[in-house]
Each structure stands twice: as structure tokens, then as C-alpha cells.
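Just below is one structure, and these are the notes that go with it.
Please treat every number below as a calculation from the coordinates, not as lab data. Here the structure is a predicted model, which means the values were calculated and not measured. Methodologically, a virtual Cβ is constructed for each residue, glycine included, from the backbone with ideal geometry; neighbour enumeration extends over all protein chains shown.
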Amino acid sequence: MNSSPIRTLRPPDELDYYDTRSVSLPVAITALEAWNLMTAEPSLPLRLAFRVRDAISALFGVQRIGGISGAPRTSVTVGDRLDFFLVEACAPDRLVLTARDRHLDVMICLSVADRVLTVTASVVTHNRFGRVYMLPVGPAHKLIVNGDLKRLKRALERRAAGAREDRRNA
């Protein structure tokens, strides 16, 4: 049995795209809390990326996905949707989201272990469109996740500083 909370579509060497990024957390949070904080205010690069994605994909008959809404969720269960993602697994230490179509399957796994959040993306392409689609998306994904992780850490550092200040004033 695999005890790691990280999940991928297939073993990494069988994927068409694989990326994993981690950040140390100044306070303990759940994977869903991390999702909420990371998506609360979608960055300009992310919003632009989704607009470009939808405009180009629509030319090829691919459904628009609209992007990340930033709407927080207090809980999710398997089968729920977080924007265009399907929730495939959820636990305090793991949130597994997928988007699947005829061109590619995408899995995003947010996992928390020992106050380290890891965001893992795995993709399997099914055809030429999926492979071409991933050419700009792969590098853009890395930049966007790096930015999201930095914003998450800053937000949690502010939260931790506020909690310390509250304790001093109590």
C-alpha cells in the first residue's frame, strides 16, 4: 500500500507531463484550505491563461472552462466540482482534482505532510491536440503554481503573525 498522499494519473515515467512543487507552511492547514487560499484571488497571469486557453480551444470545438472562480468551499466530497475540476479524493491531507476529455486527462493533487504542501500535476495526452495544448500549458503551469505557493505562504505568515499578536494582547 502506498502511504504517500501524493496521487498521479500514472507512474511519473508514464506521464506526458509531470510537475511537483512544494512549500513549507508556517501553520498547519488542510489541503482544501490550501486550495481556498491559493484560488481566492486568481492572479492576472492565471486569468489571462484561461482566457487564451478558452479562445484557442474554442476554435477546435473544445468546451470553454472559464477558469478559477475563487469561491471558497468549507467542505467537498468525492463527485463535487471545484470549478471545472472533479473532486476524486478528499481528506484533510489530500485533495485530488481531475479534468478529463478526449484530448487529455489532468490530475492536480494537493497534499499536506509535516507542514509541507505539495502540488503535483500529472497529464496524459490522448492525441495531437492534447500534445500541442501542453506545449504552452506546461511551462505556464509551473509559473502559475510558483506564484500561487508564494501568495499562500505570505497569507499564512500574516495569519501566524496575527495569531501571535492576539496572544500577546490577551
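Test of understanding: ordering Asp13, Asp101 by Cβ neighbours within 10 Å, fewest first, what list do you get? Display every interim value, and only then the final one.
Numbers: Asp13 6, Asp101 14.
The fewest-first ordering by Cβ neighbours comes to Asp13, Asp101.
Indicate the gyration tensor shape class of the range 120-164 (rounded, prolate or oblate), computed on the Cα atoms with a ≥ b ≥ c the square roots of the eigenvalues: a/c under 1.5 is rounded; otherwise a/b larger than b/c is prolate and the rest oblate. Please report the intermediate quantities before stating the final value.
Details: a/c = 7.56, a/b = 3.84, b/c = 1.97.
It comes out prolate by the Cα gyration axes.
Taking θ as phi - 60° and the Karplus parameters 6.51, -1.76 and 1.60, the scalar couplings of the range 137-147 work out to 5, x, x, 5, 4, 4, 5, 5, 5, 4, x Hz in sequence order, x denoting glycine and proline. Computed from backbone phi, the HN-Hα couplings of the range 26-43 come to x, 9, 6, 9, 8, 5, 5, 4, 4, 4, 4, 5, 5, 9, 4, 10, x, 5 Hz, rounded to whole numbers (Karplus: 6.51 cos²θ - 1.76 cosθ + 1.60, θ = phi - 60°; Gly and Pro given as x). Other residues lying with their Cβ under 15 Å from the Cβ of Ile29 contribute a combined charge of +3, Lys and Arg counting +1, Asp and Glu -1. Full extension of the segment from Ala58 to Ile6, taken as 0.36 nm per residue of separation minus the current Cα-Cα distance, would add 15.5 nm. Using every pair of separate Cα atoms, the Kirkwood estimate puts the hydrodynamic radius of the chain at 16.9 angstrom. This ranking places Thr125, Thr20 by how few other beta-carbon atoms lie within 10 Å of each, fewest first, which gives Thr20, Thr125.
With contributions of -39500 (n - 2.57) from each DSSP H run of at least four residues, the per-residue ellipticity at 222 nm computed over the chain stands at -14000 deg cm²/dmol.
An oblate overall shape is assigned to the range 1-76, the ratio a/c of its alpha-carbon gyration tensor axes (a ≥ b ≥ c) being 1.5 or greater and a/b not exceeding b/c.
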